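Everything on this sheet refers to the single structure shown next.
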Amino acid sequence: MKRRLRFLIPLLIAFIALLPCLALADPETDTEGEHVHTLQHLLESPATCTLDGMHEHYRCTECGERFWDAGGTVPVDGKEWSIPATGHDWSEWQGTEATCLETGHRSRTCSVCGAVEEEDLPLADHAWTEWVETPPKCIEGGMRERTCTVCGEREVEGLPATGHNWVAVPEKAPTCSEAGNSAYEYCANCNIIVESSSTMVVLEVVPYIPATGHNWGSWTVIAEPTCSSEGTEQRTCSKCGTVEHLSIPSTDHTWGDWETTKEASCSAAGEETRTCEVCGQTETRT
């Protein structure tokens, strides 16, 4: 008996070691070790608003590979088997619009599946009017305000003072006929006049310097008057060269004696004439 056991024990150990090699072949594997697909026939199902559909095809229940034919010879490329969800066909929004006083609410319905989408609308912005402005001044601020046409709320904002816009006027010497001025500055916005924007000494008026007036020379006759025309005399300012003219009245005629130019008759008056010895003008009387 002991001799038999010594013989059987090595055989038993060898048999156990060979068991993996003696296991039956995988029913899903052919004789060459390649996978054999077990195909499930999947019927076409249309897509809905929210769910994908699929085309008719075949799917291996073991490895998940998909084919267009029952023989598993035409594989499906990527996701071509899938029909994307169509998305909802929503109606126009219906509901109550929000204002600056109350929130709103609206909803819409899918004409295909009847799904309803609802949403609350937050408070709307104010419906402001245009700004009404009180313009700022050089040293005084302004303001602007507007009003909501829905709730009547007012919004007011201050506007800063603009500050002066100084224009410097240099000193100007007077002439014979035009006034001059001392140097000063004025604000182009509010027209205030100051000696200087650094000292801010306010002036009531522009610091004019009166015109000096002409320094006339003596009158000189440049055209003597006659009995038929006026004469002219002039004088010149020694400072600026301005020339002033003055008319000299015409002189009287220097008449000659009256001479009879037509004798009187019993039916008509006579006529006498005299002549100016200077200009030759004649004068007639009856």
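The values are calculated or read from the model by the stated rules, or taken from the named source; none is laboratory data. Bear in mind that the values here come from a model prediction, so they are computed numbers and not experimental data. Cβ placement follows ideal geometry from the backbone for every residue including glycine, while neighbour counts extend to all protein chains displayed. The accessibility values were calculated without ligands, DNA or RNA, using every heavy atom of the protein model including side chains. Shrake-Rupley method; radii C 1.70, N 1.55, O 1.52, S 1.80 Å.
Looking at the stretch 114-212, what strands (runs of 3 or more DSSP E) fall wholly within it and have at least 1 residues that are closer than 30 Å to Cys100 by Cα?
Counting at least 1 such residues, we get 116-121, 132-134, 142-147, 154-159.
Which residues, taken from the stretch 153-166, are more than 25 Å from the chain's Cα centre (by Cα) and either farther than 15 Å from Met200 by Cβ or open to solvent by 80 Å² or more (accessible area, probe 1.4 Å) (or both)?
Answer for the stretch 153-166, where residues must be more than 25 Å from the chain's Cα centre (by Cα) and either farther than 15 Å from Met200 by Cβ or open to solvent by 80 Å² or more (accessible area, probe 1.4 Å) (or both): Glu153, Arg154.
Trp68: under 30 Å from Ala124 (Cα atoms), open to solvent by 60 Å² or more (accessible area, probe 1.4 Å) and not acidic (Asp, Glu), yes or no?
So Trp68 fails the test.
Kindly evaluate Glu171 against the criterion of being of a type in the set (Asp, Glu) and over 30 Å from Trp216 (Cα atoms).
Answer is no for this residue.
Counting only residues that are of a type in the set (Asp, Glu) and either open to solvent by less than 80 Å² (accessible area, probe 1.4 Å) or without any contact (Cβ under 8 Å) to a residue 24 or more places away in the chain (or both), which one in the stretch 191-226 is farthest from Glu244 (Cα to Cα)?
My answer is Glu195.
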